[in-house]
Amino acid sequence: MPQNFKLAPSILSADFSDLQNALSICDEGGAHWIHVDVMDNQFVPNLTIGPPVVKSLRPKTEKFMDVHMMVINPEKLVEQFAKAGADNITFHIEATDDPDGVIDLIKSFGCKVGISLKSKTPLSDILPVLEKVDVVLIMSVEPGFGGQGYLAGSNDRISELKQILTNKNLGHILIEVDGGIKLHNAQEVMDAGADVLVAGSEVFKADDPVQTIKDFYQLAE
């Protein structure tokens, strides 16, 4: 069970006409992070939000702003998101030939660094840069759209990554899991080794979103 569990509600599933309300839900529920899914309709088949939205949200919340860039050429957007107020910027290992350069660039703006990989990408692909990051984001759906089901085999990947981090004395690196996270499967995902769970539709489509956030934290306890 994670010692410092964090829930990161994804505003991709919130009402875009009232993101202030989404922030209020996260505040009332006690969520630690706000997850921002950035898609460019090239790396993944969907188009979402960019730096101006993060910039508009930043003054309205003190929550940790977790930006997940599902984009090609991630280095082109790092500075914009950092200056908009991102606390953590995650990029995909599949999206660049120079992950070291992207990591160094993100760090140069004072942000935490996350690295993510699609469900079919082997964990070995991130090992060369593992010691340089703060977060590893495991995709438990095919990236691109919210509301998908949790992929079988994801828990095994999480456990494998947890063992790698333990063996390398990298226990400070957080394991974040994104995709298909529901109250009914959150316990097993945390038991596998996840520290941070991204939940979109489970929170923002719930009858009582605030209570749903609280329910996640009760599970973690």
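The values are calculated or read from the model by the stated rules, or taken from the named source; none is laboratory data. Bear in mind the structure is a predicted one, so any value in this text is a computation, not a measurement. A quick note on method: Cβ atoms are made from the backbone with ideal geometry, for glycine too, and the neighbour counts reach across all protein chains shown.
Please go through the range 131-147 and give me each residue that is among the hydrophobic types (A, V, I, L, M, F, W, C) and not in a loop (DSSP other than H, G, I, E, B), ordered by number. Correct list: VAL135, VAL136, LEU137, ILE138, MET139. Could you tell me whether any residue of the range 7-17 is of a type in the set (S, T, N, Q), modelled with pLDDT of 95 or more, more than 15 Å from GLU176 (Cβ to Cβ) and not in a helix (DSSP H, G or I)? No, because not a single residue in the range 7-17 is of a type in the set (S, T, N, Q), modelled with pLDDT of 95 or more, more than 15 Å from GLU176 (Cβ to Cβ) and not in a helix (DSSP H, G or I). Any residue in the range 54-74 that's under 15 Å from LYS6 (Cβ atoms): show its pairings with residues that are modelled with pLDDT of 95 or more and charged (D, E, K, R) at Cβ separation under 6 Å, as long as the two are six or more apart or on different chains. Short answer, once both residue conditions are applied: PHE64/ASP87; MET65/ASP87; HIS68/ASP37. Put simply, of GLY153, GLY114, GLY101, GLY110 the only residue that is modelled with pLDDT of 95 or more and on the phi > 0 side of the Ramachandran plot is GLY110. The single condition from (1) surrounded by 14 or more Cβ atoms within 10 Å (Cβ to Cβ); (2) in contact with a Ser or Thr (Cβ under 7 Å, 6 or more places away or on another chain); (3) part of a loop (DSSP other than H, G, I, E, B) that ILE181 fails is (2).
Residues in the range 122-153 that are hydroxyl-bearing (Ser, Thr, Tyr) and under 25 Å from ASP87 (Cβ atoms): 1 in all.
Among (1) in contact with a strand residue (DSSP E or B) (Cβ under 8 Å, 6 or more places away or on another chain); (2) closer than 26 Å to LEU105 by Cβ; (3) among the small types (Gly, Ala, Ser), which single condition is ALA31 missing? Only one criterion is unmet by ALA31, namely (2).
Looking at VAL210, is it in contact with a helix residue (DSSP H, G or I) (Cβ under 8 Å, 6 or more places away or on another chain) and either surrounded by 15 or more Cβ atoms within 10 Å (Cβ to Cβ) or part of a helix (DSSP H, G or I) (or both)? Spelling it out, VAL210 is indeed in contact with a helix residue (DSSP H, G or I) (Cβ under 8 Å, 6 or more places away or on another chain) and either surrounded by 15 or more Cβ atoms within 10 Å (Cβ to Cβ) or part of a helix (DSSP H, G or I) (or both).
Table: residues versus (1) basic (Lys, Arg); (2) touching an Asp or Glu at 6+ places or on another chain (Cβ under 9 Å).
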position	(1), (2)
VAL67	no, yes
ASN88	no, yes
PHE91	no, yes
GLU94	no, yes
ASP104	no, no
LYS107	yes, no
LYS120	yes, yes
PRO128	no, yes
VAL141	no, yes
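Residue selection: LEU137 satisfies the criterion of being aliphatic (A, V, I, L, M) and closer than 17 Å to VAL177 by Cβ. Quick check: anything in the range 147-170 surrounded by 19 or more Cβ atoms within 10 Å (Cβ to Cβ) and in contact (Cβ under 8 Å) with a residue 40 or more places away in the chain? Within the range 147-170, none of the residues are surrounded by 19 or more Cβ atoms within 10 Å (Cβ to Cβ) and in contact (Cβ under 8 Å) with a residue 40 or more places away in the chain. One residue stands out among those in the range 148-166 that are in a helix (DSSP H, G or I) and among the hydrophobic types (A, V, I, L, M, F, W, C): the one that is nearest to LYS182 (Cα to Cα), which is ILE158.
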